[in-house]
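Please treat every number below as a calculation from the coordinates, not as lab data. Predicted, not measured: the structure shown is a model, and the values here were computed from it. As a convention, Cβ positions derive from the backbone with ideal geometry for all residues, glycine included, and neighbour counts pool all protein chains shown.
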Amino acid sequence: MNTPTKIPAKKTKVNYVDNKKLYGEMIHFINSCREAEAQGEHRPKIPEYIGVCIFRIATRLATKPNFASYTYKDEMVSDGIEVCIRYLHNFDPDKSANPFAYFTQIIYYAFLQRIQKEKKQQYIKNKSFENSVMMNTLVDDPTGRYFDTHHSIDSNKTADFEEKLAKARTKSKTKLVGIEAIIGDID
């Protein structure tokens, strides 16, 4: 006798952050912040659920392919959480009903800032090492040899960073408009 095969029930996707619940918590928190501000009191403590959601968003975003290869992911996650907490009260429920996207965007840019800081630190380390190598080549080693560790420096990365830094500086200079542009040409 043929028994009918059961079709497995479609699994519902479980999100790691419930955006509707987070939105409700944010509305409650924003309202209590406004009340405290109106009474001249300090902002209230951040609800635990909001903190857990921010932590989950940050740790999950750090696993994405564009951030997965960095060795300083913990610092990135910490920076993301810190910036979210700093700007938590700026969420406007009238403009958006998606606090998940708000926090994800904040954390994303915090990650990018951390990457830039780490690149700058790596550049400083490389330049310091280059300078110490150059100074050490002028001084004899007690064994009578010269220090030759220059080949261990990745000078291409250093040069690339210097080039990007120079481009960023030229972009940041503001263009003069109006009378300032004319006066600048006369000089």
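Here the range 18-142 was treated as a single set of alpha-carbon atoms; its pair distances binned every 10 Å from 0 give 12, 33, 23, 14, 9, 6, 3, 0 percent.
Along the charge dipole of the range 54-104, which of Val83, Thr104, Ser69 sits closest to the positive end, that is, farthest toward it, with unit charges on the beta carbon of Lys, Arg, Asp and Glu (+1, +1, -1, -1)? Of the candidates, Ser69 comes out farthest on the positive side. In the range 67-118, inverting the average of 1/r over every pair of distinct C-alpha atoms gives 11.6 Å as the Kirkwood radius. For the range 47-53, 3J(HN,Hα) computed residue by residue from phi via the Karplus equation (6.51, -1.76, 1.60; θ = phi - 60°) reads x, 4, 4, 5, x, 5, 5 Hz, glycine and proline entered as x.
Ranked by the mean number of other Cβ atoms within 10 Å of their residues, highest first, the peptides 36-44, 23-31, 98-106, 112-120 come out as 98-106, 23-31, 112-120, 36-44.
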